[in-house]
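Structure, as structure tokens:
None of the figures in this text is laboratory data; all of them are computed from the coordinates on show. Keep in mind that what you see is a predicted model, and the values were worked out from it rather than measured. Neighbour counts are summed over all protein chains in view; Cβ atoms, including those assigned to glycine, are modelled from backbone coordinates with ideal geometry.
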Amino acid sequence: MKNGRHLTLGIETSCDETAVSVVADGRDILSNVISTQISIHTQFGGVVPEIASRRHLENINGVIDKALTDAGVCIGDIDLVGVTYGPGLVGALLIGVAAAKSIAYACDIPLVGVNHMHGHIAANYLEHHDLEPPFMSLVVSGGHTNIVNVPDYNRCEKIGGTRDDAAGEAFDKVARVIGLGYPGGPKVDKAAREGRRDAIDFKRVWLEPGSYDFSFSGLKTQALNYLNSERQAGREINVNDVAASFQEAVVEVIAEKAVRAAAEYGQKRIVMAGGVASNTRLRELISEKAAAEGIDVLRPSPVLCTDNGAMIASAAYYAYKAGERSGYDLDAVPALEF
Ligand code: KG4
Ligand code: ZN
């Protein structure tokens, strides 16, 4: 407690960011420190799990110290520790979980393990102070593409998800194929602004009528086939056109299904979350389609879309308020379900 406010320390180490934040009353960010490893993994074209764990171990204490200093608090002021315990890379998750358990034990404060995907949704409580459930959420990240009905703070009902690659994964794979490199999403987003969306006819995969599931794994093959045939024909490849056309095929399906889900469940708001929620074209298209149905679209600013400790702190706070507690036997669960 400081100045009568409840303070949560949120720790996130599920992938390639070592991130720690102090959040007051589940809503106000007092500090948000994100130490990214992107430049290290770029040389390998993706995240190398073993390197990620080592870097988390080297960084974690310094990042925790900085989060406390930036917030102007000391460790004794913290009331609750929240930590991502899955899904993610097991070695990476373990570093955050071990750090969180140590602090909870040493300071004799409660510990709450957080599902990373619930954290992504909670990022919106930090951005939109008046937002309360119920709403429909669209969680689009490097590992997940989910449409989730959120009736209250601590319930997430998944109504659709990807059957193969996640949206972010599709962006990253196609970016690699067309030579844009890692991380692919933001690079495709940028290139697409200079390209034509209707230049190449990438297939929209709708699956069965009424399904809220997705399938993106075929897009990489389509992009490869397109590049090969163009090269064989001796034609020059316009990377911006490939990026714009590919992106349109992904975001059109996502936007359409998210809006349909909200309408069917009678939700008046779609709350976006995850790294891909910062995609310019997805934001534009979903807003257009939702407006036509009288549905509002909310999303966090880009820094809260990608992995951070603040979203974990917020999710932990609401779980704590509902009576949830984790024991010192909290373990990393790499394949944790939504
Ligand atoms: O949520 P996040 O930071 O980490 C996971 O939990 O996966 O999402 C990272 C993913 C990456 O695949 C990245 O390429 C993608 O989000 N991404 C984007 C954009 N910014 C990040 N994809 C498309 N457009 C963007 N602007
Ligand atoms: Zn994430």
CD proxy at 222 nm, helix term only [per DSSP H run n ≥ 4: -39500 (n - 2.57); per residue of the chain; nearest 500]: -14000 deg cm²/dmol
Relative contact order, percent, the chain [alpha-carbon distance under 8 Å, six or more residues apart]: 25 percent
Ranked Cys74, Cys107, Cys305, criterion: other C-beta atoms within 10 Å, fewest first: Cys74, Cys107, Cys305
Dipole axis of the chain (+1 Lys, Arg; -1 Asp, Glu on Cβ), positive-most option in Ala123, Val48, Val139: Val48
Taking the convex hull of Cα positions in segment 61-216, its mean projected area over all directions (nm²): 12.8 nm²
Listed residue (Ala192, Ile34, Ala98) projecting farthest to the positive dipole end of the chain, Cβ model: Ala192
Spatial extent of the chain: Rg and Dmax, with the Cα atoms as the point set, Å: 20.2, 70
Magnitude of the charge dipole, segment 42-198, Cβ model with Lys/Arg +1 and Asp/Glu -1, debye to 20: 680 debye
Flagged links, alpha-carbon separation over 32 Å, of Lys2/Lys187; Lys66/Lys321; Lys158/Lys321: Lys2/Lys187
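Where Lys and Arg each count +1 and Asp and Glu each count -1, what net charge lies around Gly82 among other residues with Cβ under 13 Å from its Cβ?
Neighbour charge sum, excluding Gly82 itself: 0.
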Signed unit charges on C-beta, dipole axis of the chain, positive-most listed residue Val251, Tyr153, Gly179: Gly179
For segment 140-173 versus segment 48-106, the gap between their alpha-carbon centres in whole angstrom: 25 Å
Translational diffusion coefficient (Stokes-Einstein; Kirkwood radius from C-alpha pairs) of segment 135-301 at 25 °C, 0.890 mPa s, in µm²/s: 153 µm²/s
Inter-centroid distance (Cα atoms) of segment 1-22 relative to segment 271-299, Å: 27 Å
Dipole magnitude (debye, nearest 20) for segment 135-301, charges at Cβ of Lys, Arg, Asp, Glu: 260 debye
Cα centre as origin, Lys/Arg/Asp/Glu Cβ charges: segment 1-106 dipole, Debye: 100 debye
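In what order do Asp65, Asp201, Asp108, Asp165 fall by count of nearby beta-carbon atoms within 10 Å, going from fewest to most? Show your work: numbers first, answer last.
Values: Asp65 13, Asp201 10, Asp108 6, Asp165 20.
Ranked by crowding around the Cβ, least crowded first: Asp108, Asp201, Asp65, Asp165.
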Segment 135-301 - share of DSSP beta bridges that are antiparallel (%, nearest 5): 60 percent
Segment 135-301: relative contact order in percent, alpha carbon pairs under 8 Å with at least 6 residues between: 28 percent
